[in-house]
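Colleague: Before anything else, here's the structure in question.
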Amino acid sequence: MGQEKECIIENNLIKDLIEMGYEYIPVKNELQLKENFRVQFEKLNRDKFETEPLTDAEFERLYTDITRQLNKETYPIYEAAEMLRQPYVFMRDNGSSVYLSFLTQDLDKTTYQVANQITVHIDGGKKNRFDVTLLINGLPLVQIELKRSKVEVTKAITQVDDYNKNSYRNLFYFTQLLICSNGERTVYAANIDTINIDTKSTQISYSEWMDEKNNPCEYAKLSNFTPKFLDRCFITKFIWNYEIILKDDKKILAMRPYQIYAAERICDQVSIKQNGYIWHTTGSGKTLTSWKTANLISKRFKEVEKILLVVDSKDLDIQMRREYENFSSYSYSEDEKINTKKLVEKLKDNDTKLIVVTVQTLTSALRKSEELSSIKNKRIIFIVDEAH
């Protein structure tokens, strides 16, 4: 097979995306990106502006506030990821406050667009052009860097790394996913901030998409990857459900395919009220998978009253302990009596749905059966990390 030019790969990708329901828009610079963002942002929040449309002055103030927050932060991509998923409180000129959204899981209220060759001017008169950009509600959430066939995908990764260091600013900090492809091999990763401010070295970990049997062959080709991964429903689900925001490390992680399949299979078992287990090797990310699965169950199954993520304190390193503290009401103490008392209180508390607990504390608490009689008929899900 001969070498396929980059422009042909790019045009074919855009054609496929349009056929999948994306709207092509001729956005070529940051000003046009800003103007398009306003249109889509107001459309998404139209119920908040029906009686009183957003004025030009209000939008400029809103845009300035958003970009100023991100441009001054040490970890703007992380901050943007947090902002994207939370209601944005905006004070209108009349003194009233409104809660606005950047993203929604409702596809009917979501706008999907594709643009190419958006140019960003950087210091020294230089400029960068992003190959293909996917915009969701006007925000450039997915950046796709392409190379001609026969050129290693690592070349595209190196270029994306350069963008990360030099080109991201303003709305581009909202970029959640990076995709690199030469047509024959395609990889994806979560976008992350520059970790070392001095060396500006990034630590982006790329994955290939695979099927449930861990076979990457079919999805290595961009033409096969696109209809699966970039499907409007799936890409929205991925950003909402399959990205992990680590508060302590100030970064985003994108789940690997086998982690996603594992989480979904566990949710399937919960839906039919059956037990199950997931097996994988050391270092495969089982703890993060357990953590994210517990979070998904808490959101999807209203009838589940308690979810206990059970971990072994001997296997719990300091970093994961801090993340668990951010994740839920987990509290670690060397004093087992204190932990047991807290756990019993939280098991009886109707407002606490998700609890991370060590197996040692759980064992101790279960001995207090008389104190837990009030929850014996509740539906409780146990996710045991590292079941030996």
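The values are calculated or read from the model by the stated rules, or taken from the named source; none is laboratory data. If you're wondering where the values come from, they're calculated on a predicted model, not measured in any experiment. No Cβ is skipped: glycine too gets one built from the backbone with ideal geometry, and neighbour counts run over all protein chains shown. Only protein heavy atoms, including side chains, enter the accessible area calculation; ligands, DNA and RNA are left aside. Shrake-Rupley method; radii C 1.70, N 1.55, O 1.52, S 1.80 Å.
Colleague: Here's a check for you: in segment 116-130, which residue that is among the charged types (D, E, K, R) and not in a strand (DSSP E or B) is surrounded by the most Cβ atoms within 10 Å (Cβ to Cβ)?
Modeller: 126
Colleague: Select from segment 186-207 the residues that are open to solvent by 50 Å² or more (accessible area, probe 1.4 Å) and among the charged types (D, E, K, R) and write down the one among them that is modelled with the highest pLDDT.
Modeller: The extreme case among them is 200.
Colleague: Output the number of the condition that residue 7 fails; it satisfies all remaining conditions of (1) open to solvent by less than 50 Å² (accessible area, probe 1.4 Å); (2) over 16 Å from residue 110 (Cβ atoms).
Modeller: (1)
Here's the yes/no breakdown for (1) more than 19 Å from residue 119 (Cα to Cα); (2) modelled with pLDDT of 95 or more:
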{"residue": "12", "(1), (2)": "yes, yes"}
{"residue": "16", "(1), (2)": "yes, yes"}
{"residue": "32", "(1), (2)": "no, yes"}
{"residue": "39", "(1), (2)": "yes, yes"}
{"residue": "42", "(1), (2)": "yes, yes"}
{"residue": "46", "(1), (2)": "yes, no"}
{"residue": "57", "(1), (2)": "yes, yes"}
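Colleague: In addition: Taking the conditions exactly as written (closer than 19 Å to residue 69 by Cβ, open to solvent by 10 Å² or more (accessible area, probe 1.4 Å), at pLDDT 90 or above and within 18 Å of the chain's Cα centre (by Cα)), does residue 173 satisfy them or not?
Modeller: Yes: the conditions hold for residue 173.
Colleague: Within segment 245-269, which residues are over 23 Å from residue 185 (Cβ atoms), hydrophobic (A, V, I, L, M, F, W, C) and surrounded by fewer than 20 Cβ atoms within 10 Å (Cβ to Cβ)?
Modeller: Within segment 245-269, 245, 246, 267 meet the criteria.
Colleague: Using the structure shown, decide if residue 224 is free of Cβ contacts under 8 Å to residues at least 24 places away in the same chain and either in contact with a strand residue (DSSP E or B) (Cβ under 9 Å, 6 or more places away or on another chain) or assigned to a helix (DSSP H, G or I) (or both).
Modeller: Here the answer is yes, as residue 224 does meet what is asked.
Colleague: Is there a residue being under 22 Å from residue 136 (Cβ atoms), in a helix (DSSP H, G or I), free of Cβ contacts under 8 Å to residues at least 12 places away in the same chain and of a type in the set (A, V, I, L, M, F, W, C) anywhere in segment 233-250?
Modeller: Looking through segment 233-250, at least one residue is under 22 Å from residue 136 (Cβ atoms), in a helix (DSSP H, G or I), free of Cβ contacts under 8 Å to residues at least 12 places away in the same chain and of a type in the set (A, V, I, L, M, F, W, C).
Colleague: Going through segment 345-376 one residue at a time, which ones are in contact (Cβ under 8 Å) with a residue 12 or more places away in the chain, over 21 Å from residue 303 (Cα atoms) and assigned to a helix (DSSP H, G or I)?
Modeller: 359, 360, 361, 362, 364, 365, 371
Colleague: For residue 188, state whether it is in contact with a Pro (Cβ under 7 Å, 6 or more places away or on another chain) and touching a residue at least 40 places away in the same chain (Cβ under 8 Å).
Modeller: Against the criterion (in contact with a Pro (Cβ under 7 Å, 6 or more places away or on another chain) and touching a residue at least 40 places away in the same chain (Cβ under 8 Å)), residue 188 does not qualify.
Colleague: Looking only at segment 322-344, decide whether some residue is in a loop (DSSP other than H, G, I, E, B), at pLDDT 80 or above and surrounded by fewer than 16 Cβ atoms within 10 Å (Cβ to Cβ).
Modeller: no
Colleague: On to the next question. Quick check, is residue 113 assigned to a strand (DSSP E or B), modelled with pLDDT of 90 or more and surrounded by fewer than 22 Cβ atoms within 10 Å (Cβ to Cβ)?
Modeller: Here the answer is yes, as residue 113 does meet what is asked.
Colleague: Do we have residue 367 as modelled with pLDDT of 65 or more, open to solvent by 20 Å² or more (accessible area, probe 1.4 Å) and either under 21 Å from residue 266 (Cβ atoms) or of a type in the set (Asp, Glu) (or both) here?
Modeller: Judged against the criteria, residue 367 is not a match.
Colleague: If you scan segment 148-160, which residues turn out to be more than 18 Å from residue 118 (Cβ to Cβ) and buried (at least 17 other Cβ atoms within 10 Å of the Cβ)?
Modeller: Result: 149, 153, 157.
Colleague: Taking the residues in segment 35-56 that are closer than 17 Å to residue 108 by Cα and among the aliphatic types (A, V, I, L, M) as candidates, determine which candidate is surrounded by the most Cβ atoms within 10 Å (Cβ to Cβ).
Modeller: The extreme case among them is 44.
Colleague: Return the residue satisfying two criteria in turn: it lies in segment 16-31 and is within 26 Å of the chain's Cα centre (by Cα) and in a helix (DSSP H, G or I), and of such residues it is surrounded by the most Cβ atoms within 10 Å (Cβ to Cβ).
Modeller: 17
Colleague: Filter segment 222-257 for residues that are within 14 Å of the chain's Cα centre (by Cα) and among the basic types (Lys, Arg) and give the result.
Modeller: Those that are within 14 Å of the chain's Cα centre (by Cα) and among the basic types (Lys, Arg): 237, 247, 250, 251, 256.
Colleague: Moving on. Of the numbered conditions (1) surrounded by 12 or more Cβ atoms within 10 Å (Cβ to Cβ); (2) outside any helix (DSSP H, G or I); (3) not small (Gly, Ala, Ser), residue 60 satisfies every one except a single condition; which is it?
Modeller: Going through (1) surrounded by 12 or more Cβ atoms within 10 Å (Cβ to Cβ); (2) outside any helix (DSSP H, G or I); (3) not small (Gly, Ala, Ser) one by one, residue 60 breaks only (2).
Colleague: Filter segment 88-110 down to the residues that are in contact with a strand residue (DSSP E or B) (Cβ under 7 Å, 6 or more places away or on another chain) and open to solvent by 60 Å² or more (accessible area, probe 1.4 Å) and list them by number.
Modeller: Passing the criteria: 89, 91, 97, 99.
Colleague: Name the single residue, out of those in segment 270-299 being open to solvent by less than 20 Å² (accessible area, probe 1.4 Å) and polar (S, T, N, Q), that is farthest from residue 383 (Cα to Cα).
Modeller: For segment 270-299, the residue satisfying everything is 284.
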